[in-house]
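*Asks:* A single structure is presented below for examination.
The values are calculated or read from the model by the stated rules, or taken from the named source; none is laboratory data. Computed from a predicted structure; not experimentally measured. Glycine also receives a Cβ, built like all others from the backbone with ideal geometry; neighbour counts cover every protein chain displayed.
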Amino acid sequence: MTERQAPIHVMESPPGARCTIDGRSYLYFGGTSYLGLHGHPEVIAAACEATRKYGIHSATSRSLYGNTPQVLAVERMAAEFFDLEGAFYFASGYASNAILLQTLAPHFDVLYLDESAHYSVAEAALAARLPLVRFRPRDAEDLQRGLRQHLGSKQRPLVLTDGVSSSLGCVAPVDRYCQVLEPYDGSAILVDDAHGLGVIGDNGRGTLEFWGRWSGAVNDDPAVADRPPGRLYVGGTLSKALGGFGGIVPGSAALLRRVRAATHYYEGASAPPTPAAAASARALELIRQHPELRLRLWENVRAVRNGLRQLGLSVDDSPAPIVPVQAGTAEDMQRLQVELQQRGIIVPYMAAYSGLGSAGALRVAVFATHTDDMIQQLLEALRRAL
């Protein structure tokens, strides 16, 4: 069966540890609701209340009268969560790389792209129309070779990478990239942290915090000349761990002014729907009020990874809640997916996605809302199937 012929499945409940799909209840180890907030009663209630009070949308751009209280609340709460001066909230996290790169491109000369980075990163890189050099996935040494071979005197490089791989769950070695960039004045790194924000780092601020690189200088004004090499930029989404919907770029007031001047997402694109903004704002509140959600997620990730190793599967030590299972051929893994589903457990098989090889993988997604018993059911079903 080709990808075009694949059946369309219908999710008939909020995403969570247990879902109703195609009329049947399953244990769900798919998707991206890592902290389990998308189906949280308070998140749903916030969206319902906003719908009744404000309707679906403000029906105008944000440069006119389209700034609903919920949209502004998301930006305020995101700034607090990331401990930065402000934030820009827009309709889709897929656009975060395009928005940031369009803002940053005039300040750099050559782009260096991790060849396994998400489609949104690659497409933004091509649209920037700067010289583009690809390097091997998460390979700081290959990046260093590319800098030596392709960067001219006084040219400024910008490195583009995922923070956490959406299919493999591995964390980019941003600390090594920073070391590699030290000799290059004006250099910087742009991280697509869609799967890292809310998940890793002591405060859930993602990949940069995980490597000890988070500071008030993240997402600062690119025009400031006295910054050290390897300055850091990051964008992401609220639609995954952060429990809502839409893209987010936190940062300094100066950067955010540049973002709104360099792109037309503020005055030319519709604001995120008000109910989605209300849900996102409440989810951001819950994340700050309940850090134990993140601690529980980390416990579950360790339990799943350790359990898979005991089954003889090769699993790395990433803290991310994305665990690829690669066992045999593509046909073998498709059979595993079918057998697990027959046992009432959803683990999606991904035939082709950014970062995956030709055989694909079963992508186990771990949630904070998975119980110990659910994890044991998964491991036991895999043991029998394998």
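*Asks:* What residue, of Gly93, Gly36, is within 25 Å of the chain's Cα centre (by Cα), assigned by TED's automatic domain parsing to the domain that holds Gly196, surrounded by 19 or more Cβ atoms within 10 Å (Cβ to Cβ) and among the small types (Gly, Ala, Ser)?
*Replies:* Within the list Gly93, Gly36, the selection yields Gly93.
*Asks:* Moving on. Of all residues in segment 298-334, which are β-branched (Val, Ile, Thr) and either surrounded by 15 or more Cβ atoms within 10 Å (Cβ to Cβ) or assigned to a helix (DSSP H, G or I) (or both)?
*Replies:* Selection gives Val301, Val304, Val315, Ile322, Val323, Val325.
*Asks:* Is it the case that Arg288 is among the basic types (Lys, Arg), assigned to a strand (DSSP E or B) and either in contact with a Pro (Cβ under 6 Å, 6 or more places away or on another chain) or within 25 Å of Trp211 (Cβ to Cβ) (or both)?
*Replies:* In short, no.
*Asks:* Could you check segment 48-68 and list, in sequence order, the residues that are of a type outside the set (Phe, Trp, Tyr), outside any loop (DSSP other than H, G, I, E, B) and surrounded by fewer than 21 Cβ atoms within 10 Å (Cβ to Cβ)?
*Replies:* Selection gives Cys48, Glu49, Thr51, Arg52, Lys53, Ser61.
*Asks:* To continue, here is another question. Taking segment 201-212, which residues are crowded, with 21+ Cβ neighbours inside 10 Å and under 19 Å from Ala117 (Cβ atoms)?
*Replies:* Those that are crowded, with 21+ Cβ neighbours inside 10 Å and under 19 Å from Ala117 (Cβ atoms): Gly206, Thr207, Leu208, Phe210.
*Asks:* Restricting to segment 172-187, give me the number of residues that are buried (at least 24 other Cβ atoms within 10 Å of the Cβ) and either in contact with a Phe, Trp or Tyr (Cβ under 7 Å, 6 or more places away or on another chain) or at pLDDT below 95 (or both).
*Replies:* Looking only at that region, the number is 1.
*Asks:* From Tyr26, Tyr65, which residue is among the aromatic types (Phe, Trp, Tyr) and touching a helix residue (DSSP H, G or I) at 6+ places or on another chain (Cβ under 9 Å)?
*Replies:* Tyr26
*Asks:* A further question follows. Just to be sure I understand, how many residues within segment 144-171 are surrounded by 23 or more Cβ atoms within 10 Å (Cβ to Cβ) and among the basic types (Lys, Arg)?
*Replies:* 0
*Asks:* Turning to a different aspect of this structure: Got a sec? Which of Ala279, Ala241 is buried (at least 22 other Cβ atoms within 10 Å of the Cβ), part of a helix (DSSP H, G or I) and in contact with a Gly (Cβ under 8 Å, 6 or more places away or on another chain)?
*Replies:* Ala279 is the lone residue from the list that is buried (at least 22 other Cβ atoms within 10 Å of the Cβ), part of a helix (DSSP H, G or I) and in contact with a Gly (Cβ under 8 Å, 6 or more places away or on another chain).
*Asks:* Can I ask one more? Given the options Glu141, Glu75, Glu80, name the one that is surrounded by fewer than 19 Cβ atoms within 10 Å (Cβ to Cβ), closer than 22 Å to Gly236 by Cα and either outside the structural domain of Arg257 (by TED's automatic domain parsing) or not polar (S, T, N, Q) (or both).
*Replies:* Just one listed residue meets the conditions, Glu80.
*Asks:* Can you tell which of Tyr94, Tyr54, Tyr26 is in contact (Cβ under 8 Å) with a residue 12 or more places away in the chain, touching a Gly at 6+ places or on another chain (Cβ under 6 Å) and aromatic (Phe, Trp, Tyr)?
*Replies:* Of the residues listed, the single one that is in contact (Cβ under 8 Å) with a residue 12 or more places away in the chain, touching a Gly at 6+ places or on another chain (Cβ under 6 Å) and aromatic (Phe, Trp, Tyr) is Tyr26.
*Asks:* Sort through Gly169, Gly198, Gly230 and tell me the only one that's assigned by TED's automatic domain parsing to the domain that holds Ser96, under 30 Å from Ala351 (Cβ atoms) and in contact with a Ser or Thr (Cβ under 8 Å, 6 or more places away or on another chain).
*Replies:* Gly169
*Asks:* Can you tell me which residue is nearest to Trp298 (Cα to Cα) among those in segment 145-171 that are charged (D, E, K, R) and modelled with pLDDT of 95 or more?
*Replies:* The selected residue is Asp162.
*Asks:* Sticking with this one: Report, by residue number, each residue of segment 255-274 that is outside any loop (DSSP other than H, G, I, E, B) and either touching a helix residue (DSSP H, G or I) at 6+ places or on another chain (Cβ under 7 Å) or surrounded by fewer than 16 Cβ atoms within 10 Å (Cβ to Cβ) (or both).
*Replies:* Answer for segment 255-274, where residues must be outside any loop (DSSP other than H, G, I, E, B) and either touching a helix residue (DSSP H, G or I) at 6+ places or on another chain (Cβ under 7 Å) or surrounded by fewer than 16 Cβ atoms within 10 Å (Cβ to Cβ) (or both): Arg257, Arg258, Val259, Arg260, Ala261, Ala262, Tyr265, Tyr266, Glu267, Gly268, Ser270, Thr274.
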